[in-house]
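The values are calculated or read from the model by the stated rules, or taken from the named source; none is laboratory data. The shown structure was predicted, so the numbers you read here are calculated from the model rather than taken from an experiment. Here the Cβ positions follow ideal geometry from the backbone for every residue, glycine too, while neighbour counts run over all protein chains shown. The area values use the complete protein model at the heavy-atom level, side chains included, leaving out ligands, DNA and RNA. Shrake-Rupley method; radii C 1.70, N 1.55, O 1.52, S 1.80 Å.
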Amino acid sequence: QMQLVESGGGLVQAGDSLRLSCVASGRTFSNYAMGWFRQAPGKEREFVAVTWSGGGTVYADSVKGRFTAFRDNAKNSVYLQMESLKPEDTAVYYCAAKYGPPRLKSYEYDYWGQGTQVTVSS
């Protein structure tokens, strides 16, 4: 089992920045692609970003240029730096781990954190 614990969510204003963190334990972190997903009220969970060892990242079009996902394998951690936040970014954000190659679909991920709420006011 891998445990994932997110932190860093909160209430911010449009245009503000926020950094989410996710700390993993229980498995060899570097073997896992780490994804960020989000779920707004009444909507399905959606892909935000994925990063893997070696520095590769992929972003959803809706966050490209505003969000940056990066990881520190020495700290078993992955981060999501969010800039120029918009009200439509309001959601519960989850980090997730997938063994092996990165994927964009939530059902392909093996482990999930509990989520952290991000609320962006206009």
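Here are some notes:
- Residue-normalised accessible area of the chain, expressed per residue, 1.4 Å probe, Å²: 50
- Ignoring aspartates and glutamates fewer than eight residues from Lys64 along the same chain, the ones with Cα atoms less than 12 angstrom from its Cα are Glu83.
- Sites Lys64 and Arg27 - FRET efficiency at Förster radius 30 Å, r taken between beta-carbons, to 0.05: 0.55
- Accessible surface of the chain [probe 1.4 Å, protein heavy atoms]: carbon and sulfur percent: 48
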